[in-house]
Amino acid sequence: ALALDDFARMLSQRGVVEVIHLGMYRGDLPLPRGKRLRHHVAALAIDVAAFVKAEGTRVIVQDDWHGRIGAQTCGERAQPWKPTPATVELRELLCEAAGAKLFHQMLTPNHDRRHADHFHLEVMRDTSWMMVE
């Protein structure tokens, strides 16, 4: 909840008034055997599909990311194959959250095909590392 509150504050400063997500808690996933609950089973992750700006425009992960699997997500070598204003804004949103270390794991369409339409943003218990791909 605290990570989402910080994320909402950051998004608000960029004119975002709504986050469209595909889910947080998923009770349909198998529980890990003998391990601590994590990911969506423990409601520690959110799958974000789009951001809605105050003037009504939408920045949609599936339509506006323009990346490729294995490509760098943030940093100097992170380049979309089709740079548009929406693509640049979407990457700035994600990379600002990464720079603020709001989440431990941030998976984008650059990670794999299962994440083609959303960002997987997750906090993890007792974790000091961070992954963005």
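Bear in mind these aren't lab numbers, they're just calculated from the coordinates by the rules spelled out. Owing to the predicted nature of the structure, the values given are computational and were not obtained by experimental measurement. All Cβ positions, even for glycine, are placed from backbone atoms using ideal geometry, and neighbour counts span all protein chains on display.
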Burial ranking of peptide ranges 79-86, 109-116 (average Cβ count within 10 Å, highest at the top): 109-116, 79-86
If amide H atoms are modeled at 1.01 Å from N in the peptide plane, then the residues at a separation of 5 or more from Ile20, or on another chain, having amide H under 5 Å from its own are Ala49, Ala50, Phe51, Val52
